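Colleague: I have a structure I would like to understand better, so I am pasting it below and will then ask my questions one at a time.
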Amino acid sequence: MDAEETQVMARTAEFTITTSWETQVRGRVAAAVDRFRGPLTELVERDANDGDTRLLVADFFDVGLNFSKYQDLTTEFRTSGDSIDYAIVLEGELFAPIDVRRIGQELDLRNIQMSRRLAAERGAEWVFLTNGRVWRAYHLRPDGDGHTPIPIIDVDILDEEGYDRAVDGLFHMTRESVEHERLEALRRWREAVESAPLAESLVSDEVVAAIRSRLREDSGHRGHLGEDEEIRRVLTEEVVSRGLL
């Protein structure tokens, strides 16, 4: 993973520096969040229906996330019954089905059942879910039983305290971030900090060596045979006790 892939907001501890295109895109996303907060609040106050929510969502994809309503978004998978509201198609291939629920509806995995099936059939790895206020991006991880949806992004545009986090999350859902593989990089980061791979990192040779060096410096001890195994044993016990393994 290179330096660009690990860039995340300082406030969220997920990026440190920005490139010129990223600065521009983040600015556009922030402006869109500011612009749509008013209409979103109005939708919440009148508990708007699915259709009105879909209109706002399509506009936000177009204005904020840079997925053209006329070129990148499609309704071809919508049917007369329960259906997928939109889908993102890039270079003729399905990138992500989009499920939209009315502004006041709570979101859960039941909302993306059809999207998961469609994505699996078409070889897509992503599903987006939103009620206009809350935006989620799921990565479909292959497993023995099919594909498990893993939450990668979950932000609330109307959360005042989560403003920076919302802008950062939505930035990763933009067309530019998809093209520059930032969304994929974020997916790899989320995967890397899951309990199992994180536990493996904590007992790795590099971590043991760093701890050994620090302990020698603090204690004034020059080291002894088997000290690495001793350090790794203690680390493993701590990892197990915290339920990481």
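Colleague: Counting only the backbone N, which residues of the range 119-142 are under 18 Å from the spot 7 Å out from the Cα of R110 toward its beta-carbon?
Modeller: 129-131
Colleague: Using DSSP to call loops (not H, G, I, E or B), can you name the GluC sites (Glu not before Pro) in the range 42-116 whose Cβ has at most 14 other Cβ atoms within 10 angstrom?
Modeller: Those satisfying the criteria are E76, E91, E106.
Colleague: Now for a different question. Only one of the listed values, (1) 1.08; (2) 0.93; (3) 0.96, was derived from the coordinates as Rg/Rh (Cα atoms, Kirkwood Rh); which label is it?
Modeller: (1)
Colleague: Helix by helix, which DSSP H runs in the chain go 18 Å or more along their axis at the Cα atoms and have an average Kyte-Doolittle hydropathy of -0.5 or more?
Modeller: 20-45, 50-63
Colleague: How much mean residue ellipticity at 222 nm does the chain get from its helices, if each DSSP H run of length 4 or more adds -39500 (n - 2.57) and you divide by all residues, to the nearest 500 deg cm²/dmol?
Modeller: The per-residue figure over the chain is -14500 deg cm²/dmol.
Colleague: Highest GNM mean-square fluctuation, the chain, Cα pairs closer than 10 Å: which of R214, R28, R101?
Modeller: R214
Colleague: How many angstrom lie between the C-alpha centres of the range 17-91 and the range 98-126?
Modeller: Using only Cα atoms to place each centre, the spacing works out to 15 Å.
Colleague: Would you look at the GNM of the chain, springs on alpha carbons closer than 10 Å, and say which of R232, R26, R190 moves the most?
Modeller: Maximum fluctuation in the GNM of the chain, among the listed residues, is at R232.
Colleague: Any idea how far the Cα center of the range 178-224 sits from the one of the range 136-166, in Å?
Modeller: Using only Cα atoms to place each centre, the spacing works out to 24 Å.
Colleague: Pull out a ≥ b ≥ c, the square roots of the eigenvalues of the alpha-carbon gyration tensor of the range 95-203, then state rounded if a/c is under 1.5, prolate if not and a/b is larger than b/c, and oblate in the remaining case.
Modeller: oblate
Colleague: Counting only other residues whose beta carbon sits under 13 Å from that of T236, what net charge do I get with K and R as +1, D and E as -1?
Modeller: -3
Colleague: Still on this structure, please answer the following. Relative to the present Cα-Cα distance, how much length would full extension add between Q71 and E181 at 0.36 nm per residue of separation?
Modeller: That works out to 37.6 nm of additional length.
Colleague: Name the long-range amide H neighbours of L90: under 5 Å, sequence gap of 5 or more, or other chain; modelled H, no Pro or chain starts.
Modeller: F95
Colleague: How much length is gained on full extension from D34 to N49, taking 0.36 nm per residue of separation minus their Cα-Cα distance?
Modeller: Once the chain is fully extended between D34 and N49, it gains 3.2 nm.
Each reported figure results from applying straightforward, stated rules to the coordinates on display, with no laboratory input. None of these values were measured; they are calculated from a predicted model. Note: ideal-geometry Cβ built from the backbone for every residue, glycine included; neighbour counts use all protein chains shown.
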